[in-house]
Amino acid sequence: MEPPITALRPHLTLAVEPPLALLCPPNLSSLTESRLTQPAAPLSRLSVFDSSRKQNIAQHRKSLPIASVEKRLVDEVRHNDTLIIVGETGSGKTTQLPQFLFNAGFCRDGKTIGITQPRRVAAVTVAKRVAEECGVDLGQRVGYSIRFEDATSISTRIKYMTDGLLLREALLDPYLSRYSVIIVDEAHERTVHTDVLLGLLKNIQRARSKYSNDRVNIEKNKENNGTLSDKENCVFLKQCQSRKFPPLKLIIMSASLDARGFSEYFGGARAVHVKGRQFPVDTFYTHHAEPDYLDAALITIFQIHLEESPGDILVFLTGQEEIESVERLVKERLQQLPEGSRKLLTVPIFSALPSEKQMRAFRQAPAGFRKVILATNIAETSVTIPGVRYVIDPGLVKARSYDPVKGMESLIIVPISKSQALQRSGRAGREGSGKCFRLYPESEFDKLEDSTKPEIKRCNLSNVILQLKALGVDDILGFDFMEKPSRASIVKSLEQLFLLGALTDECKLSDPVGRQMAQLPLDPVYSRALILASQFNCLEEMLITVAMLSVESIFYAPREKLEEARTAMRCFSSPEGDHLTLVNVYHASDEFLDKRMVGLSKEKKDKILSKWCKENFINSRSLRHARDIHSQIRGHVEQMGLRVASCGDDMLQFRKCLAASFFLNAALRQPEGTYRALASGQVVQIHPSSVLFQAKPECIVFNELVQTNHKYIRNISRIDYLWLSELAPQYYCSQN
DNA sequence: GAGCACTGC
């Protein structure tokens, strides 16, 4: 076999562009020393180990690249209301900067420093680390808050959280008045939440600094002539009644070298650069384009295995199917090698894989073995697998995009961006120098987009718009997005929200329906379904349904046990469709737990539930998630005063409620067995995972329309065609 | 006849 790879050029560096002020750590000598005060640890037999651990921590902190610029960074924050910090991987920005600011007095007057992360795990692990570095109990001075888990208290001053959670917090406290500083971390990822948050924070910052200036002026006036005009008096009184709003410091942290976009968005905000600590990674390209990238990946895996020094291999593939097929091929080819060269272990990792199986990717390979991790994008940012020295990157990713006209999402394989390619190659340089093999020519790299298209430009905006409306942003088309979604996309979502009854004729948030919908942490269609269900007397069932629909696939069918999995699924399946099937699964899990619940701890319960899930081919992570969502939204609807009742065996009532809720997603069977979606006129097919895949009823409602190999609809229930005009006359009568 | 990755007081 001919190796597709030849060395072309070493590690890439991108030019740093102005307006970056370089804050390179001059000398790692002793520019600053840690001013953290650590409470005296109680004396115990462990104190020797304890103090050596503390010494290690202190040493580690001092050795971080960011440590030498503490004072300069604090000064930058003091002098700039908005600061962009470009911090390379390993600079220590996420753990250190909040501590610097705390020590510099940014939490005086009981204010908090908030740091947002796009992912839950990051918020939790970083908070734990920082609490340890500060020598405090987690949840005291340092804490975190994520959905379903709050480890904060009134004494929390450094608070890590998910960006989505801060958005939710803004609904209750529109000025985010408890925060003196907000740090938006990993802003380069440009998740929907980050982008909405940036726009919101910009507004809040403006409002808060205007407030402080007004205050200063009013106080001055008072000093000058001792009297206030009526208007001033009124403003002043109003403000005295409300809380104090000191100006908000905003720090945007990004790992991407292009800070210009952020800087321009924040009116030419200052940007500084902090060096990172990454080991060098040599990057190699192929001479020619590879027609078959899976084959090229396979050849490269064996080339590394046979010729390179020890170290694990990380291969980026686009999905489960590719991963499973490469895994099979590696095992096959391994058999053709001489006995001594067969010490190669494949481990798959992708999001839908049950956690126990995911864990295999983190375990060290047996002595003498090399591990090859076959991963989706999950290994790009979400998880870091130790021991990786080689990265194989075909340069592709499966990405979601959204067509507002058709109201359809698609999941297609597209080339990655330059910044993604750099992120992937960086995965080889975490613990030592590494190598990255890009399975395409260098000329192709040059053609890649600089950065990935922000998610907000490729998703359904209904939820975002509902949130913004609830936050008092009425002019969505005029909202200052960093990158504005297309007009068509905004209009489509406004229209959808109007049809759901969340918006009035004047495009204002309706009361109580729109307001209630915005309060629920759900897709607007699901929130509407809950409100309707209270009128249809089936809220009990609908709470379960929307919780189950809000998580990743509940059923897990590994290829090698497909038949067994199908049999298991049949036990739950309902002839009415997937919605009732999901309700059956939930009830079955409830019943199973009820029998064994007495006196069991949460851990124990989780454990026996996992076992039950495994036996029934159910993804326990998804089910647990659904149970969490269920209890959270149940709390919400009870608080709203909705009537939680069960329709018992009256499935007609429940199906009518499904039709009333999901009328925008109704479809009719066509003679060939395909379906026509009534709203868009598109021809679609039932996804093979649906319990109605064979039955093909005449009229259905569905929850998801995604184009992959075909236009598939998922999560389907049978309804009566006549119900549509009866239950959704606002839509179906006007059309006819 | 098939499921990129995240997230929500």
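Okay, here's what the table says:
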| quantity | calculated |
| --- | --- |
| Subset of A:LYS398/A:LYS418; A:LYS111/A:LYS453; A:LYS111/A:LYS605; A:LYS343/A:LYS447 violating a 27 Å alpha-carbon distance limit | A:LYS111/A:LYS453; A:LYS111/A:LYS605; A:LYS343/A:LYS447 |
| Of A:TRP612, A:ALA695, A:GLN632, farthest towards positive along the dipole that unit charges on Lys, Arg, Asp, Glu beta carbons give region A:605-700 | A:TRP612 |
| Per-residue HN-Hα couplings for region A:308-322 [Karplus 6.51, -1.76, 1.60; θ = phi - 60°; Hz; x = Gly/Pro] | 9, 5, x, x, 7, 10, 10, 10, 8, 10, 8, x, 4, 4, 4 |
| Of A:LYS159/A:LYS607; A:LYS202/A:LYS484; A:LYS159/A:LYS249, those spanning more than 19 Å from alpha-carbon to alpha-carbon | A:LYS159/A:LYS607 |
| Translational D in µm²/s for region A:571-619 (Stokes-Einstein at 37 °C, 0.692 mPa s, Kirkwood Rh from C-alpha pairs) | 284 µm²/s |
| Order of A:TYR265, A:TYR160 under a 10 Å beta carbon neighbour criterion, fewest first | A:TYR265, A:TYR160 |
| Sites A:GLU307 and A:SER451 - FRET efficiency at Förster radius 30 Å, r taken between beta-carbons, to 0.05 | 0.30 |
| Helical mean residue ellipticity (222 nm; -39500 (n - 2.57) per DSSP H run of 4+; nearest 500) of chain A | -13000 deg cm²/dmol |
| Distance violations [Cα-Cα > 19 Å] among A:LYS469/A:LYS508; A:LYS275/A:LYS457; A:LYS469/A:LYS656; A:LYS54/A:LYS128; A:LYS128/A:LYS275 | A:LYS275/A:LYS457; A:LYS469/A:LYS656; A:LYS128/A:LYS275 |
| Using a Förster distance of 25 Å, the FRET efficiency for A:LYS602-A:GLU564 (Cβ separation, nearest 0.05) | 0.25 |
| Prolate/oblate/rounded label for region A:438-584 (Cα gyration tensor, a/c 1.5) | oblate |
| Sequence-distant aspartates and glutamates (8 or more away, or on other chains) whose Cα lies within less than 12 Å of A:LYS435 | A:ASP282, A:GLU308, A:ASP312, A:ASP393 |
| Per-peptide average of other Cβ atoms within 10 Å, ordering A:701-711, A:480-490, A:652-662 highest first | A:652-662, A:701-711, A:480-490 |
| In Hz, Karplus ³J(HN,Hα) per residue of region A:336-342 (6.51, -1.76, 1.60; θ = phi - 60°; x = Gly, Pro) | 7, 8, x, 2, x, 9, 8 |
| Rounded FRET efficiency, nearest 0.05, which uses the C-beta distance separating A:ALA488 from A:HIS60 and R0 of 51 Å | 0.50 |
| Along principal axes, Cα extents of chain A, largest first, whole Å | 88, 76, 59 |
| Set of region A:120-160 residues, backbone N closer than 18 Å to the point 7 Å along the Cα-Cβ line of A:ARG53 | A:125-143 |
| Cα gyration tensor shape for region A:499-640, rounded if a/c is under 1.5, else prolate or oblate | prolate |
| Cα-only Debye scattering, region A:489-567: base-10 log of I(q)/I(0) at q = 0.18, 0.21, 0.22 Å⁻¹ | -0.78, -0.93, -0.99 |
| Contour excess over end-to-end distance, with Cα ends at A:HIS587 and A:SER631 and 0.36 nm allotted per residue | 14.4 nm |
| For region A:662-736, diffusion coefficient by Stokes-Einstein and Kirkwood Rh (Cα), 37 °C, 0.692 mPa s, µm²/s | 265 µm²/s |
| Ranked packing of A:330-337, A:620-627, A:178-185, most packed first, by mean Cβ within 10 Å | A:178-185, A:620-627, A:330-337 |
| Dipole of chain A, positive direction: furthest Cα of A:MET408, A:THR194, A:TYR160, with charges on the beta-carbon | A:TYR160 |
| Protection-proxy order for peptides A:566-576, A:87-97, each taking the mean of Cβ atoms within 10 Å per residue, highest first | A:87-97, A:566-576 |
| Label-point separation, A:LYS508 to A:ARG72 (7 Å along Cα→Cβ), nm | 5.3 nm |
| Extended-chain gain in nm, criterion 0.36 nm per residue less alpha-carbon gap, A:GLN364 and A:LEU477 | 35.5 nm |
| Length added when fully stretched, A:CYS733-A:GLN535, from 0.36 nm per residue minus Cα-Cα | 69.1 nm |
| Where only alpha carbons of region A:427-490 are counted, the Rg and the Dmax (Å) | 19.1, 52 |
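Each reported figure results from applying straightforward, stated rules to the coordinates on display, with no laboratory input. As the structure is a computational prediction, the values presented were derived from the model and not from experiment. Every residue, glycine as well, gets a Cβ built from its backbone with ideal geometry; the counts of neighbours run over all protein chains shown.
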